[in-house]
1. Can you give me the distance in nm between label points at Leu663 and Ala275, each placed 7 Å from the Cα along the Cα-to-Cβ direction?
2. How do 261-272, 636-647, 500-511, 758-769 rank on mean C-beta neighbours within 10 Å, highest first?
3. At a probe size of 1.4 Å, how large is the accessible area of His710, to the nearest 10 Å²?
4. Could you list which residues have their amide H under 5 Å from that of Val11, counting only those 5 or more apart in sequence or on another chain, with H placed in the peptide plane?
5. Using alpha carbons only, how many angstrom separate the centre of the stretch 295-317 from the centre of the stretch 500-521?
6. A 32 angstrom limit on the alpha carbon distance is what I want to check against. Which of Lys165/Lys804; Lys621/Lys711; Lys266/Lys763 exceed it?
7. Rounded to the nearest whole Å², what accessible area per residue is found for the stretch 604-750 with the 1.4 Å probe?
8. If amide H atoms are built 1.01 Å from N in the plane of the peptide, which residues on other chains or at least 5 residues away come under 5 Å of the amide H of Glu101?
Amino acid sequence: MNGQYRIGETVLGSWVIKKKLGEGSFGRVYEIEREDFGERYRAALKIITVPQSEAELRGAQEEGMDPQSAEQYFYSVVQDIVREFALMARLKGTAHVVSYEDHTVIRHQNGIGWDILIRMELLTPLLTYAYAHPFSRREIMRMGIDLCQALELCQKYNIIHRDIKPENIFVSDNGDFKLGDFGIARTVEKTMSGLSKKGTYNYMAPEVYRGAEYGFSVDIYSLGIVLYRMLNKNRVPFLPPAPEPITYSARESALAHRMGGDQISKPFYAQGRLAEIVEKAVAFQPKERYPSPMQMRQELEAILYEKEDAEIIYPDGDELALAENLYASKTPVREAEALPAEQTSATSSMFGSVAATVTAKLEDGTESFFKKISPVNGDGTAKTQSVFSRSAAKRKAPAQTDRRAKKAWPLVLTAAAVVALSAGGAFYLKSQQIRQQEARQASYQSLMVQASGLYESDPQQAGARLLDAQKLFPKESEPYIGYAYALYCDRQYEKCVNYIENDLALGKSYELSTQSRLSEILGAAYFEKGDYAASASFFRLSTAGGDITVSAMRDYAVALGRLGDIIASEKVLQKMFDSGADETVTKYVQAEVDYAQKEYLNAEQGFRAIYDSAKDTDLKKRAMRSLAEVYRDCAALEKLGKSPIVNAAACEAELLSKAVTELSLNNDSTIWEMLAQAYFDAYQMNHKLGDTWLKQSAQAFEHVLELGIHKDYLYSNLFIVYYQQGDYTMAENALSRMEQAYSKSYTPHALRCMMLITIENNKTQSNRDYDAAYQEFEKAQGLLTGSDDRTYFQQIETLIKSLKAEGWL
């Protein structure tokens, strides 16, 4: 079949494919149907193809596998997947686990490949069900009880699920809640770069996030977060309460607070014993959670009430704000168990497209791709020298390789290197061939030299030179490593990650030291993206090829601190002291440790001292950004009256506005976005600052858009600033641009509806006309989908209901 299936096609004997339900990293899911003696039966069909793509098969061949070896390898993957069915068969028939029915394996007619067809229950995803039906506390308790029973079964078979989230929870026609995805996806990952899996952290237990040891309680924690979300107006802990908008920074902050061990507040709809059960399930320390799912189930069963008793227990009503018109599209889609919707991470081949080669060995040691620390300054301080400006006259030519090469960083080949000719007839090559080889060698060396001088000044041009060098010597690793570094220098962090994880498959076709170097670049890129868990993981992986550099240790320690693993962070800091790292760098890391421990005043003092005195521009920028984050966190605490720093948002705005000029950050969109938000927050907390701060916020958001960063929330934030200023012309301009950029989004229509109602409310009653606002409401309603954040729609729906109740509509 070669992975191609059409609607109307017959599979598994007599089952007919009716429609496609979804597609993800690990397969496709269809609704299938068969008729038997006048009765119709429906089921779900999941199809997994091994290998996943032609590129994956091609990568195996480039790795050096002959057709027979490649076939044996991929067939072993198929066997592993089929073995997972034995586990699923043991769980079959359980009321609260998605039922696996049967499967078949079909070999591709042409080439190497297999399709695995799996038939299972056709169920409704949890959120689709919740949005389409009134949800009560009683139903959420039932869901917790049902899933605890599923976890009891998992524990019986020594299974830790590790991926409990709404996307893996389903509802049967009888209203039973079921748990799905028991390991097939993780087996399929064996054909991919397993190290690149990022996934969602929304429901992940802190110990899993930190990469620490964990046990069965991680599933209890994840279930607790799911229950919390359902009881908290569809929001996980530490997000702004509905209907406040959710920004990117709010999500990042919420994750940091949860992984840092901050006390989680009670869910909006949970009081008394129910709140206590959820709080115990999501305790930061595993030993404080329920020791078993059975105990959690028993405590939920103890407070479960009958439907007819709801009015007595909750006289104000037991129906939660999860109605379809607030949270879902009008046509709920039934889906099967299998596709993990939030697994959107890269799915690269484990072989990659780079032919096997090695890195030429350095005879004078190793260097960081960031900086080399050399105590050569007259004042005794460490001098930093870019590794790409360093001469490498002792380096061997790329035609020579050494599998025993130690960990070495991107280097430049000298123009004086000669071509090493192989033994056995090499001296009899024609002179013309020798000249061609020498010319090719000289061109390669020239490109590498040019690239070395462009990494910081013009990384895009450096990248172009390195791509040309790759064409000349496709089996030499240096141009590939250098290109990854050029992407990092160009602040193209996402592209850098994809290049290393996908195109190079993390350098799996190279020897260990090269993989280690790529891991360090990858760790640095993830660090800049703010994904500290991935950053720490790849820095840790980098140590497999030798000791990591001081620059990497710096970011490694910071990442661990941001994850709340203070002990590990301090150990890395001690290694920095032992290695003689520059005192300014160690002070910066110490300030980061203080920040991770929420010692905000010490962190402020440390970062401020480094920002004011550091000569290293890169370190100065890092200290500035971390100081801004200290102020940002304190601004949030200030709203609760708990901040140790007064006027923190104003301090952040003043710091960032000064840094933009001092550090030439006019093109840094991240800093400008932080600045825009700081101006806005400072004004909200102190209107005495004046409208100038709102205007500066608008100017900063406009500048972010001018830099080519087009995200829907930027337009929303810009609209809110203009809206608060009362500048409805500019507010409409922001919405028009948003509508043009996101034509299928309901948000601009919802915000326009809100603004038009405000405009009409400012008129005398005899002149008010809400028809235009109502038209925008209908447009927003028509564009609303099940995956949208419905905060704005909830706001305008409340306003429209009020207008109708008062007779205006």
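1. 4.1 nm
2. Details: 261-272: 15.6, 636-647: 13.6, 500-511: 23.1, 758-769: 11.1.
Answer by packing, highest mean first, reads 500-511, 261-272, 636-647, 758-769.
3. His710 exposes around 100 Å² with every protein chain in place.
4. For Val11, whose amide H was placed from the backbone, the distant partners under 5 Å are Val16, Ile17.
5. Their Cα centres are 55 Å away from one another.
6. Numbers: Lys165/Lys804 38 Å; Lys621/Lys711 25 Å; Lys266/Lys763 42 Å.
Table pairs above 32 Å Cα-Cα are Lys165/Lys804; Lys266/Lys763.
7. On the way: 6690 Å² over 147 residues.
On a per-residue basis, 45 Å².
8. Long-range HN contacts for Glu101: Arg119, Met120, Glu121.
The values are calculated or read from the model by the stated rules, or taken from the named source; none is laboratory data. Remember, it's a predicted structure, so these values are computed and weren't measured experimentally. Using ideal geometry, Cβ is built from the backbone for each residue, glycine included, and neighbour counts are taken over all protein chains shown. Accessible surface areas use protein heavy atoms only, side chains included; no ligands, DNA or RNA. Shrake-Rupley method; radii C 1.70, N 1.55, O 1.52, S 1.80 Å.
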